[in-house]
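Coordinate-derived values only; no laboratory data. Model, not experiment: these values are computed from the prediction. Note: ideal-geometry Cβ built from the backbone for every residue, glycine included; neighbour counts use all protein chains shown.
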Amino acid sequence: MKFPNLKFIDDEIAVLKNENRLLKPRVLESAQEPVAIIDGKKIINLTSNNYLALANDPRVKKAAIKAIEKYGAGSAAVRTIIGTMSLHIELEKKFAAFKHAESAILFQSGFTSNTAVCQSLMSSENDLLISDELNHASIIDGARLAKSTRKIYPHKDMKALKEILESKESINARRKMIVTDGVFSMDGDIAPLYEIARLASGYGAFVMVDDAHASGVIGKQGRGTVDYFNLHGKVEIQIGTLSKAFAAVGGYAATTQNLRDYLGSVARPFLFSSSQPPSVAATCLAVLDILLNDDSILKRLWDNANFFKEEMKKAGFDIGQSQTPITPIMAGDTDKAVKFSNMLFEEGVFALSIGYPTVPRGKERLRTIITAGHTFNDLETAVKKFKKSGKALGII
Ligand SMILES: *Cc1c(COP(=O)(O)O)cnc(C)c1O
């Protein structure tokens, strides 16, 4: 198709191609399983966020089907019109309890949860939003939508955070919010939340933690970073996603009743974008129920992750600062990362290469996530293939 006024896009595409940044995602042709069919090939899948391996669980699917039969396929409205269904209320209540919070509010995704909270609470230029430099893109976009001033501190640098809190801008600010990922999505390291909460309370700031990669993964029964650091009642806002360990799609903020009601009256994604389909809410409820009643899944997740990380370290790979099942495997540069990923794919292992701008130049890597569903045999095979390709490319 030819639209002369879109000629500029052809030029943009040429730039992306030239920089190796034109994305052509591989296609999943089976369920999101630990061993899946990707681009026509049966492959060990080390790339999904399906931490608990519940995305294709028969109990979860049954709950979703039952919800469709009872409540239909879609909600066909935003929450504030007539899109609030009893399943949403039940999910909010159960997530508030899961997070030991007074209340919770659902959004359509983790992404919109972050933009909703940042935009709603940081609404004046006299407000100050303080953010870790490696926070997720949705926090960065939330900060852009906010009217507040923004200050970024170097990754997990508590001295720098303290300096910001002591600055004139901070002292004069109307409100200040410190925002951090709970588990950082590219490196798998954990935020120093204890220290962040302590500093926040000392300087009159409140904290929002984004537990997208922490909920269902760390803390007792997967309750997240606040639980991991035993900070119940000390972190004002816990954000999470229902799209990773919870195997569906959606997001939430667990917080006080008043803040929940405020977001439910002003947050733009809540007011202007329709609610989760009932089957999706039912999926999340089923996953939560399984998580709370079966400790063996989390144990398998961590046994698997620890096993894989140990084996990869023994093989001589640089796996960065990971403290969670997210395991980066450093490749050195974009070219090597892409070749590494392609070689592994030929060998039957899917580990996606991640390059600039998702990670800084020089930190290009393969990023793997180990799930509760992998067998030791899958992981042993994967390590063998990593060694073979890593040696061929001079990475180890
Ligand atoms: C994945 C992710 C999100 C986005 O969650 P979605 O539900 O997929 O929109 C937000 N924050 C972090 C830290 C994430 O890793």
* Packing-based exposure ordering (other Cβ within 10 Å, fewest first) of Y356, Y51, Y203, Y228 -> Y356, Y203, Y228, Y51
* **Mean ellipticity per residue at 222 nm, deg cm²/dmol - from DSSP H runs of n ≥ 4 across the chain, formula -39500 (n - 2.57)** => -13000 deg cm²/dmol
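Looking at the P(r) of segment 226-355, how many percent of alpha-carbon pairs lie beyond 17 Å?
Working: 6243 of 8385 pairs.
Above the 17 Å cut-off, segment 226-355 has 74 percent of its Cα pairs.
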* To do: State whether segment 1-148 is rounded, prolate or oblate according to the following rule on the C-alpha gyration tensor (a ≥ b ≥ c being the square roots of its eigenvalues): a/c under 1.5 gives rounded; otherwise a/b larger than b/c gives prolate, and the remaining case gives oblate.
  => oblate
* Asked: Most fluctuating residue of R300, R223, R367 in a GNM of the chain with Cα springs under 10 Å: which is it?
  -> R300
* Asked: Among residues other than K70 whose Cβ falls under 14 Å from its Cβ, what is the net charge (Lys/Arg +1, Asp/Glu -1)?
  -> 0
* **Choice from N172, N49, N126 showing the highest fluctuation, given a GNM over the chain with Cα pairs closer than 10 Å** => N172
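Once you have a ≥ b ≥ c as the square roots of the Cα gyration tensor eigenvalues for the chain, tell me rounded if a/c is under 1.5, and otherwise prolate or oblate according to whether a/b is larger than b/c. Write down the numbers at each step before the final one.
Numbers: a/c = 1.41, a/b = 1.23, b/c = 1.15.
Since a/c stays below 1.5, the shape of the chain is classed as rounded.
Which helices pass in the chain if a helix is a full DSSP H run, must span at least 15 angstrom along its long axis by Cα, and must have mean Kyte-Doolittle hydropathy not below -0.5?
On the way: long enough: 7-18 (17 Å, -0.02); 58-71 (19 Å, -0.56); 86-98 (18 Å, 0.19); 110-121 (17 Å, 0.39); 278-293 (23 Å, 1.62); 295-314 (29 Å, -1.07); 334-346 (18 Å, -0.19); 376-392 (24 Å, -0.86).
Membrane-span-like by this rule: 7-18, 86-98, 110-121, 278-293, 334-346.
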* To do: Express as a percent, rounded to the nearest 5, the fraction of DSSP beta bridges in the chain (both residues included) that run antiparallel.
  => 55 percent
* Taking only Cα atoms and a 10 Å spring cutoff, compute GNM fluctuations for the chain and point out the largest among E33, E163, E380. => E163
* In straight Cα distance, which aspartates and glutamates are under 13 Å from K2, not counting same-chain residues fewer than 8 positions off? -> D10
* Report the residues of segment 365-396 in range of a label on S30: point 7 Å along Cα→C-beta, backbone N strictly under 18 Å from it. => 369-383
* Please tell me which of these pairs span more than 29 angstrom C-alpha to C-alpha: K299/K385; K159/K234; K42/K66; K309/K391; K168/K244; K156/K385? => K42/K66; K168/K244; K156/K385
* **Label point distance in nm, I65-N126, each placed 7 Å from Cα along Cα→Cβ** => 5.8 nm
* Where does each of 57-70, 333-346 land if you order them by average Cβ count within 10 Å, highest first? -> 333-346, 57-70
* Rounded to the nearest 20 debye, dipole of the chain from Cβ charges on Lys, Arg, Asp, Glu -> 260 debye
